[in-house]
Amino acid sequence: MRLLLIEDDDRIAGPLTEGLGRYGFTVDRARTGAAGLADSADTADLVLLDLGLPDMDGLDVCRSLRARSPIPIIMITARGEEADRVAGLELGADDYMAKPFGVRELVARIRAVTRRTGALPAAPAGPDPTAIPAAAPAPQQLGPLQIDRRSRQVRVGGREVALSPREFDLLGYLAQDPGAVHSRQQIMDAVWDPHFFGPTKTLDAHVAALRRKLGDPGWVTTARGVGFRLTLPGDPPPEAAR
């Protein structure tokens, strides 16, 4: 599937092109609205359109594209105000994503839009119905903490803990190797996305929420200047942790 990315910022376009390439997309890039309209818009299957372009407003690009083609358009922009979202959708955009976002979410939006518009390539054949399913992994027990990855349930001392999907993914990642220090970048790559666009402070917010919900901040300790690790509360921390 060929995408046209109309984005002037190299810091976003480069990683985004690389990330989408890993999902099998071919990405053509235009740095200005005029270039996007003139060069590749008629040969692409879907347009990813930034609103903050150097030569013209992205809303005008959207209007011009829609006037001449039914090509699916997803706006990707730092403008998150409701008025901008409404204007983009009313001009004919099929979806609207406010930065920051991860490539996996963008890919999901691309697939959803192309399903709705009928532009999605044929899906591969489904799984063999005669295949024997693999055995479900047993819940992981770490002291009073139990993590059931199959049902995505967590219990502490028999008490069920309600975690958000991202909080569960964060806990599950740290629990893969209890006691090991995972760098902030390793965690962001594994739990969010290797091409997540946004501040890593979101990791701190999720760690704080996880500590609170597990009932003891000692479950997730900080390795100064490195990252985080999963520990049993009460275990003597190493010199690098607090």
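The values are calculated or read from the model by the stated rules, or taken from the named source; none is laboratory data. The structure displayed is predicted, hence computed values, not measured ones. Methodologically, a virtual Cβ is constructed for each residue, glycine included, from the backbone with ideal geometry; neighbour enumeration extends over all protein chains shown. Areas reflect the complete protein model, heavy atoms only, side chains present, ligands, DNA and RNA absent. Shrake-Rupley method; radii C 1.70, N 1.55, O 1.52, S 1.80 Å.
Worth a mention:
- Residue count, the stretch 23-42 (criterion: among the aromatic types (Phe, Trp, Tyr) and modelled with pLDDT of 90 or more): 1
- If you go through the stretch 43-71 and keep only what is modelled with pLDDT of 90 or more, assigned to a loop (DSSP other than H, G, I, E, B) and open to solvent by less than 30 Å² (accessible area, probe 1.4 Å), you end up with 50, 53.
- Pairs, first without any contact (Cβ under 8 Å) to a residue 40 or more places away in the chain in the stretch 165-180, second buried (at least 16 other Cβ atoms within 10 Å of the Cβ) and aliphatic (A, V, I, L, M), C-beta under 6 Å, six or more apart: 169/191; 173/190; 173/191
- In the stretch 1-37, the qualifying residues are those that are among the small types (Gly, Ala, Ser) and buried (at least 18 other Cβ atoms within 10 Å of the Cβ), and the one that is nearest to residue 192 (Cα to Cα) is 19.
- All positions within the stretch 5-39 that are outside any loop (DSSP other than H, G, I, E, B) and closer than 16 Å to residue 64 by Cα: 5, 6, 30, 33, 34, 35, 36, 37, 38, 39
- Close pairs (8 angstrom Cβ cut-off, 6 or more residues apart or separate chains): closer than 21 Å to residue 190 by Cα in the stretch 85-113, among the polar types (S, T, N, Q) and surrounded by 16 or more Cβ atoms within 10 Å (Cβ to Cβ) anywhere: 99/77
- For residue 91, the conditions (1) open to solvent by 10 Å² or more (accessible area, probe 1.4 Å); (2) at pLDDT 85 or above all hold with the exception of (2).
This table checks each residue for (1) among the β-branched types (Val, Ile, Thr); (2) surrounded by fewer than 15 Cβ atoms within 10 Å (Cβ to Cβ).
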| site | (1), (2) |
| --- | --- |
| 147 | yes, no |
| 157 | no, yes |
| 165 | no, yes |
| 168 | no, no |
| 174 | no, no |
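- Residue among 162, 240, 175, 180 that is modelled with pLDDT of 85 or more and farther than 19 Å from residue 146 by Cβ: 180
- Check on residue 83, open to solvent by 40 Å² or more (accessible area, probe 1.4 Å) and either modelled with pLDDT of 85 or more or in contact with a Lys or Arg (Cβ under 8 Å, 6 or more places away or on another chain) (or both): no
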